[in-house]
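Scroll down for the structure; my scribbles are underneath it.
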Amino acid sequence: MRTPLHHDRRTARLALIAIVTIVAVLGATACNVKPVRTTNYRRVLIVGDSLLHGSAWLEGDPQLIPELQPLLAAKGVEVRLVGRSATTPVENGWARQVKDQVASWDPDLVIAESIIPDDASGPTLQRLLLEWSALTYFATTRGADFWRIDPTAPVPGSYYDGLYGSRLPGLRFAQSVAVRRAAANRPTIVDLAPAIATCPGGRNADGLHLTIAGQQCLANQLYRLITREEPPAPPTTVPPTTTPATTSTTTTTVP
């Protein structure tokens, strides 16, 4: 019988195999890069899955961009979101999407997020790590800063916790190592779990995807990290005041 510890060790071994391949393929060219940017961010590219795009199974599921874009636009920052719901970086070719966006748009910050898929084992895991490595390499070779959003743990006991909750620590470690090995400059790991966990009503019933309140909390936290400022307070709705109706009286004088 395979124990969780056995599975974690197997995951680590597969990660090492993938890392050796990564270094062999990308290591020879990783030195020909621009220096890390030092200016304020003006073009932010985000690549992610259903945590940001909304669940593919729920019609009208809340998304990140409608919440984040107006906040950043007020600071003169453009933002684009690529990737896709219900797919992994391998299935949807995230590395190619990032490469194309970097070539045509030249973002100065790339942020990547991926929920660990429930079938990430064996050859699938190796392909996933290689895709992450290529994505990271393409994101950073023109000098953009690179942030990796740490995979967010599902709510304990929820549907998604049952799918991959026990494997999350080992897979998170493997993903982190693959990114660090391939990055042209030291990537930043962003932990958004506290912002989501402390957001009232932030998760929907499956224990992982975000409600509109959750997307708003996520947008506010990304705004803080990107601009180093607090997000503006949401506008308060003041109920209209009504003027009490006046009753006019007519006095009749009897001669």
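The values are calculated or read from the model by the stated rules, or taken from the named source; none is laboratory data. The structure presented is a predicted model; accordingly, all values stated were derived computationally and were not measured. Counting neighbours? That spans all protein chains shown, and the Cβs are built from the backbone with ideal geometry, glycine included. Each accessible area value is taken on the protein alone, full model and side chains, heavy atoms only, with ligands, DNA and RNA left out. Shrake-Rupley method; radii C 1.70, N 1.55, O 1.52, S 1.80 Å.
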(message) Could you check region 196-220 and list, in sequence order, the residues that are farther than 14 Å from S55 by Cβ, in contact with a Gly (Cβ under 9 Å, 6 or more places away or on another chain) and not in a loop (DSSP other than H, G, I, E, B)?
(response) I196, A213, Q216, C217, L218
(message) I want to confirm something. Restricting to region 39-56 and keeping residues that are assigned to a strand (DSSP E or B) and of a type in the set (A, V, I, L, M, F, W, C), which single residue is surrounded by the most Cβ atoms within 10 Å (Cβ to Cβ)?
(response) V47
(request) Could you list all residues from region 100-114 that are part of a helix (DSSP H, G or I) and either loosely packed, with under 14 Cβ neighbours inside 10 Å or out of contact with any helix residue (DSSP H, G or I) (no Cβ under 7 Å at 6 or more places or on another chain) (or both)? (result) D100, Q101, A103, S104, W105
(message) So the check is Cβ under 8 Å with 6+ separation or different chains; which pairs have a first residue in region 144-170 that's within 26 Å of V79 (Cβ to Cβ) and a second one that's among the β-branched types (V, I, T) and assigned to a helix (DSSP H, G or I)?
(response) A144/V102; F146/T136; F146/T140; F146/V179; R148/T136; R148/V179; T152/I196
(message) Of everything in region 136-154, what is outside any helix (DSSP H, G or I) and either among the aromatic types (F, W, Y) or surrounded by 18 or more Cβ atoms within 10 Å (Cβ to Cβ) (or both)? Give them in sequence order.
(response) T141, A144, D145, F146, W147, R148, I149, P151, T152, A153, P154
(message) So for region 180-193 (the condition being polar (S, T, N, Q), modelled with pLDDT of 85 or more and farther than 19 Å from S50 by Cα), does at least one residue qualify?
(response) yes
(request) Among the residues of region 63-86, count how many are open to solvent by 30 Å² or more (accessible area, probe 1.4 Å) and assigned to a loop (DSSP other than H, G, I, E, B). (result) 6
(message) Need the failing condition index for Q97 against (1) modelled with pLDDT of 85 or more; (2) under 24 Å from G202 (Cα atoms); (3) open to solvent by 30 Å² or more (accessible area, probe 1.4 Å), just the number.
(response) (2)
(message) For region 177-189, give me the residue count where each residue is open to solvent by less than 20 Å² (accessible area, probe 1.4 Å) and more than 10 Å from F146 (Cα to Cα).
(response) 2
(message) Could you check region 155-195 and list, in sequence order, the residues that are of a type in the set (K, R) and in a helix (DSSP H, G or I)?
(response) R167, R172, R180, R181
